[in-house]
Amino acid sequence: MIRVRRRPRSVLSGRKGTPRSESLQIRSPEKSEVWPESYYGIFLTGEALVASTEISQLDFEKNEGLKLSIDELKQIATTLRKNIIKMTTAANSGHPSSSLSAVEVVTALYFGGFMNYDAKNPGWPERDRFVLSKGHAVPVLYAAMAEAGFFSEDQLSTLRKLGSPLEGHPNLKRLPGIEASTGSLGQGLSIGLGQALAARVDKTSSKVFVVIGDGEMGEGQIWEALASAAKYKVGNLTAIIDQNGYQQTGSTKEVLDMGDFQKKIEPFGWHVQTISGNSMEEVVEALKTAESITDRPKMIVSKTKKGDGILPLLEEAGDTNFHGKPLPPAMAEKALAMLS
Amino acid sequence: MALGEASGLKLGQATRDAFGDALKDLGSEYKDVVTVDGDVGNSTRTEPFAQAFPDRAFNVGIAESNMVSVAGGLASSGKTSVVASFAAFLLCNAYDQIRMSVAFPALNVKLVGSHAGISIGEDGPSQMGIEDVALACSLPGVVVMVPCDAVSTKAATKAMLDHKGPTYLRLGRPKAPAVYQGGCDFEIGKAITLKKGDDITLIANGLMVPAALDAATELEKKGHSVRVIDMHTVKPIDEEAIIAAAKETGKIVVAEEHLSHGGLGSAVSMVVCENSPVPVAFVNLGDTFAESGDGDGLLEKYGLTSNEIVKAAEGLLS
Ligand SMILES: Cc1ncc(C[n+]2csc(CCOP(=O)(O)OP(=O)(O)O)c2C)c(N)n1
Ligand SMILES: [Mg+2]
């Protein structure tokens, strides 16, 4: 199998030590300048995805089996955090705290050597797939995709704006590289299971990764998917519960306490690990372990903090859930400084 | 008198059986086709396909939401997913999954709902899909097909697999009168005129097509010239055929085995009102659930008969 990997921008461009501009004033180019016309059309599966080859503005080298060091991954994680805050504050809406808790997982998947993809050919059939079932956290995915070269970092500033394919929730019709249109919670694990089964039918080695919210685990459909994935012993499916302890109206303890996910999910026939999900070391280790298991589906219960990286600011604001609202500009400035 | 008898039609296969046979027959040529079942494959008739192609058939258990999203996932990876259940369970239990995992991403998922209408009989209202067409039509970009007999269902099955994008195929449980004998020139969105006539047009789909043919026979005896149209595709609807019928015959009766709201009657009315307003009468289930009983008895009791079509037509003709 061909393995195509691309070096993430911040590592490749040698910006390691150089401080990045922390201005909130992200360039806001004309939409026509940023997104080619083809982005307005309907992308049916397979076909139009190829159109995206033009959008990657940086020329990445092909790189076999790229695996960044933990330090490099942490550096990327910081870039993603900053971009999550910048783009949601610029959009004056969105879910930054839900995005921040999942940064380590998404960073490790895209840049830690766990996922095969080609940012210049997002429709490559044998690619691995990432499904963000908790679609409202899509800023973390857009930030990772920009970093990976699916599109340019400048384009992040068009989040949620008219004409931009960076919609408020992932839309596969409009943005190549998005593998599932989500936003109605509960469906991503089933979609990922379908993709994992398709790889089995096609006899490819594609793997599928699904990120689910802990509040989202209240959806019955997820438990349907847990059962049927175990039936089909999909060893190419890994799910991660981003257990940040909060959902929309309060803590998961108050709203719907599901107890110990590991104890509940293991008996379904899944391989389950529980980790500290804002620790890059633990995330990378857990993904390695999951990679080594191929006879059944794998779950990583990733205990995280909603708003990880800027928690003191959320505490100061008196809201450690901070669900579904952007940081006001002054708070965002402080957050960027805190992350630097 | 049994459906289709007055117009000399013989009973043929049920549409679900015709679908099952066609799917299995097309299976070796259409290599991308996979099926996803929710423990009803022996009712929806995806079973023969599953037996012939076990590696391409998945049964996720009684979990329609999961079933539909799994089909979406398979389709997003290039498969043509055929996902079948009872019309009621598919459309009602998994409506949001159809919306988000199928229609919105415009994936190549073929929704198939069997046991549609009240003619399923004894199992009763919980199993009867009476609102499925309305629900399917409400989703942007979904093609909605209601074939009337075995021959047209086989053709519809092929057309559905050839179509790129989401579709809904509505199937019935009981044996259906064979409207088409030699073959059927089935094209999505293109109505088939079964009888030419100038005084009135009967537009029908599904089991109401043979009922409309019977009604036409009766009306012709009374000296009327009746056009009969098999409107097998509700969406996209054949506007041209409807406008021509309105202009040329001036009166239309729409008959369907479905609730009054959101089905074929609604779709035809929109075209008529906008383009060529003429009187339209409706024969359908109305605004009610049905009950248990034998299928023919139910059709009779709830007014889904050729007699009702005749009455509606005479109301317009008088
Ligand atoms: C089916 C559905 N119901 C409700 C919502 C509204 N909603 C959006 S995010 C959210 C809370 C999600 O909590 P969780 O899964 O824990 O994700 P977090 O934001 O904590 O990462 C809710 C209720 C939705 N998007 N979909
Ligand atoms: Mg949560």
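Is segment B:64-73 home to any residue that is under 30 Å from B:Ala212 (Cα atoms) and either crowded, with 18+ Cβ neighbours inside 10 Å or without any contact (Cβ under 8 Å) to a residue 24 or more places away in the chain (or both)?
Residues of segment B:64-73 under 30 Å from B:Ala212 (Cα atoms): none.
No.
Hey, among B:Lys24, B:Lys10, which residue is surrounded by fewer than 21 Cβ atoms within 10 Å (Cβ to Cβ), touching a residue at least 12 places away in the same chain (Cβ under 8 Å) and closer than 22 Å to B:Leu298 by Cα? Spell out how you get there, then give the answer.
On the way: B:Lys24 fails: closer than 22 Å to B:Leu298 by Cα.
Going through B:Lys24, B:Lys10 in turn, the sole match is B:Lys10.
Given the structure, is A:Leu287 open to solvent by less than 70 Å² (accessible area, probe 1.4 Å), hydrophobic (A, V, I, L, M, F, W, C) and outside the structural domain of A:Arg81 (by TED's automatic domain parsing)?
Values: open to solvent by less than 70 Å² (accessible area, probe 1.4 Å): yes; hydrophobic (A, V, I, L, M, F, W, C): yes; outside the structural domain of A:Arg81 (by TED's automatic domain parsing): no.
Answer is no for this residue.
Would you confirm, using the coordinates I've provided, whether A:Lys161 is buried (at least 20 other Cβ atoms within 10 Å of the Cβ) and either in the same structural domain as A:Val210 (by TED's automatic domain parsing) or part of a strand (DSSP E or B) (or both)? Step through it out loud before you land on a result.
Details: buried (at least 20 other Cβ atoms within 10 Å of the Cβ): no; either in the same structural domain as A:Val210 (by TED's automatic domain parsing) or part of a strand (DSSP E or B) (or both): yes.
Against the criterion (buried (at least 20 other Cβ atoms within 10 Å of the Cβ) and either in the same structural domain as A:Val210 (by TED's automatic domain parsing) or part of a strand (DSSP E or B) (or both)), A:Lys161 does not qualify.
So A:Leu166 passes all but one of these: (1) surrounded by 24 or more Cβ atoms within 10 Å (Cβ to Cβ); (2) of a type outside the set (Ser, Thr, Tyr); (3) within 14 Å of chain B (Cβ to nearest Cβ). Which condition number does it fail?
Looking at each condition in turn, A:Leu166 falls short on (3).
For segment A:263-279, name all the residues that are touching a residue at least 24 places away in the same chain (Cβ under 8 Å) and either open to solvent by 80 Å² or more (accessible area, probe 1.4 Å) or closer than 20 Å to A:Gly220 by Cβ (or both).
Let us first name the residues in segment A:263-279 that are touching a residue at least 24 places away in the same chain (Cβ under 8 Å), namely A:265, A:268-279.
Residues satisfying the conditions are A:Ile265, A:Phe268, A:Gly269, A:Trp270, A:Val272.
For segment A:214-248, what are the residues that are more than 10 Å from ligand 2 (Cβ to nearest atom), assigned to a helix (DSSP H, G or I) and among the hydrophobic types (A, V, I, L, M, F, W, C)? Spell out how you get there, then give the answer.
So in segment A:214-248, the residues more than 10 Å from ligand 2 (Cβ to nearest atom) come out as A:218-240.
Pick out the ones that are also assigned to a helix (DSSP H, G or I) and you get A:218, A:220-231.
A:Ile222, A:Trp223, A:Ala225, A:Leu226, A:Ala227, A:Ala229, A:Ala230 - these are the residues of segment A:214-248 that are more than 10 Å from ligand 2 (Cβ to nearest atom), assigned to a helix (DSSP H, G or I) and among the hydrophobic types (A, V, I, L, M, F, W, C).
Considering only residues that are under 22 Å from A:Ala198 (Cα atoms), in contact with a helix residue (DSSP H, G or I) (Cβ under 9 Å, 6 or more places away or on another chain) and within 7 Å of chain A (Cβ to nearest Cβ), which ones fall in segment B:94-116?
Correct list: B:Gln97, B:Met100, B:Ser101, B:Pro105, B:Leu107, B:Asn108.
Taking the condition of being open to solvent by 30 Å² or more (accessible area, probe 1.4 Å), of a type in the set (S, T, N, Q) and away from ligand 1 (no atom under 14 Å from the Cβ), how many residues in segment A:208-259 meet it?
Looking only at that region, the number is 1.
Which residues, counting only those in segment B:267-312, are part of a loop (DSSP other than H, G, I, E, B), of a type in the set (A, V, I, L, M) and touching a strand residue (DSSP E or B) at 6+ places or on another chain (Cβ under 8 Å)? Before the answer, list the steps.
Step one: list which residues in segment B:267-312 are part of a loop (DSSP other than H, G, I, E, B), which gives B:276-279, B:284-285, B:287-294, B:302-305.
Going one step further and asking which of them are of a type in the set (A, V, I, L, M), we end up with B:278, B:285, B:290, B:304.
Correct list: B:Val278, B:Leu285, B:Leu304.
For residues in segment B:180-221 being in a strand (DSSP E or B) and of a type in the set (S, T, N, Q), which is most open to solvent (accessible area, probe 1.4 Å)?
B:Thr193
Taking segment A:190-213 as the region of interest, how many residues are in contact with a Phe, Trp or Tyr (Cβ under 7 Å, 6 or more places away or on another chain) and not in a helix (DSSP H, G or I)?
Of the residues in that region, 1 qualify.
The values are calculated or read from the model by the stated rules, or taken from the named source; none is laboratory data. Keep in mind it's a predicted model, so treat the numbers as computed, not measured. Quick reminder, even Gly has a Cβ in these numbers, built from the backbone with ideal geometry, and neighbours come from all protein chains shown. With ligands, DNA and RNA removed, areas are computed over all heavy atoms of the protein, side chains included. Shrake-Rupley method; radii C 1.70, N 1.55, O 1.52, S 1.80 Å.
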